[in-house]
1. Quick one: length gained pulling GLU6 to LYS347 fully straight, 0.36 nm per residue minus the C-alpha distance?
2. Counting Lys and Arg as +1 and Asp and Glu as -1, each charge on the Cβ, what is the dipole of segment 21-228 about the Cα centre in debye, to the nearest 20?
3. Ranking request for peptides 230-243, 54-67: highest mean number of other beta-carbon atoms within 10 Å first, then the rest in descending order.
4. From the backbone phi of segment 43-57, what are the Karplus-calculated ³J(HN,Hα) couplings (6.51 cos²θ - 1.76 cosθ + 1.60, θ = phi - 60°) in whole Hz, Gly and Pro given as x?
5. Once phi is turned into ³J(HN,Hα) by the Karplus curve 6.51 cos²θ - 1.76 cosθ + 1.60 with θ = phi - 60°, what whole-Hz value does each residue of segment 64-69 show in order, with x for glycine and proline?
6. Near LYS199, which lysines are there with a Cα under 23 Å away, not counting those fewer than 8 places off in the same chain?
7. What are the ³J(HN,Hα) couplings of segment 375-384, residue after residue, when phi is run through the Karplus curve with 6.51, -1.76, 1.60 and θ = phi - 60°? Round to Hz, x for glycine and proline.
8. Show the residues, 5+ positions off or on another chain, whose built amide H is closer than 5 Å to the amide H of ASP182.
Amino acid sequence: MDMIIEPIKNLESIISIPGDKSISHRSVMIGAIAAGITDIENFLPGEDCRSTVHCIRQLGIEVEEISPTHLQVKGKGPGGLQEPENHLDAGNSGTTIRLLSGLLAGQDFFSVLTGDASIRRRPMARVAEPLRQMGAQVWGRNEGRCAPLAIRGGHLTGISYHTPVASAQIKSALLLAGLYADGETAVTEPAPSRDHTEKMLQAFGANIKVNGLTTVVKTSSLTARNVIVPGDISSAAFFLVAGAIIPGSIITVKNVGLNPTRTGILDVLEEMGAKITITNQQESSGELMGDITVEGQALKGVIIAGDLIPRLIDEIPVLAVAGAVAEGKTIIRDATELKVKESNRLKAIATELTRFGVDIQETDDGLIIKGRRNFKGAVCNSYQDHRIAMACALMGLVASGQTVVRGAECIDISFPGFQNVLNSLYI
Ligand code: S3P
């Protein structure tokens, strides 16, 4: 599907965005192994989270869809999953395949996990290897490094594991496996990654302790809880940046998750010169949320690197768009993880923004962007990567003439309704 974007002058809008993808996945998986009914409101009905629901149903758990955004997971407790009849399909979703690998490593049965062409290329050794160390049998293509993965779980022993990269997917897989392991499972990260799993496990009554960069979990029985999923800051990011890059704009995004492990984008936009205000701050199911208002002003280039990277890992494509219009250089470093996301996001964003006339260069571990104004609309590719498609659409707002985003249907992976929200800005 082609998405057509026309340039826009200044924006004044109050918008809502769909539920958080990471929290939606976790609510279904954790709900499935908790005793009782987990009622989930504002669930993200995107393709990735649908893949998780489908897999969980194949594992014998009833998930009732009251509406696309309101689910009830009829959890059967820690021993309630059953061997699936067929392979489990994670689709395009890294969170589904990696977190489920951890959960399945704890189950005394055989299962096979696979996904689309992008998932089958992405690295799985990062979860398979520590799960093997815990005692699970995990096979995979390419000497066990890629999906399809076959898992024969059960009889795990806790380990103390230092993850080589700050990745919430690795950490979460090991914590879920740790719920079924003898003794303690300790996961230490090189820098903090998103901590939604830890927060949700705590809320569901797990035996879990966080001490700085180390999280320790022991065998636990979970009790169902109701979850209200906050809006996804990674989806809000596209509209926050839209407000920031068009001087004179003012955009409010309502009910956005404000977990500090996810708010790196706000720090960066402020440093670039955007004015950000947070109102109506409250807590929902252990997660902070609130309304974010951005006022667009002239932006300046910044350096984005180090421990900040995991706090905005999914926002780098859209921050490259902010860098394109900022005065001076924006330098992104320490971001090699972007090469193994749904696409090679460093290459994809450098290639596509160049089509608009952006001065952007890919480096070994990031991007260098020299900001300027006066861009021309372009025909660009999504690489079937939702965040690349939306970043290109955003670039189209500040480019003269028409922009076409090819393969824009992939946006439904994380942000169904993106085009409607975008169209509402023109009114
Ligand atoms: C996610 C963690 C991040 C992020 C992904 C969602 C999660 O991946 O990029 O979109 O829900 O845990 P990594 O943990 O591999 O960095």
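Nothing in this text is a laboratory measurement; each read-out follows from the coordinates by a stated rule. Keep in mind it's a predicted model, so treat the numbers as computed, not measured. FYI the Cβ positions are ideal-geometry reconstructions off the backbone, even for glycines, and counts take in every protein chain you see.
1. In short, 120.3 nm is gained.
2. Roughly 440 debye, rounded to the nearest 20.
3. 230-243, 54-67
4. 4, 7, x, x, 4, 4, 6, 5, 4, 4, 4, 4, 4, 5, 5
5. 8, 9, 5, 8, x, 10
6. Filter leaves LYS21, LYS74, LYS76, LYS171, LYS209, LYS218, LYS254.
7. Those phi angles translate into 10, 9, x, 9, 9, 10, 9, 8, 6, 6 Hz.
8. Excluding prolines and chain starts, which carry no amide H, the hits are LEU156, THR157, GLY158.
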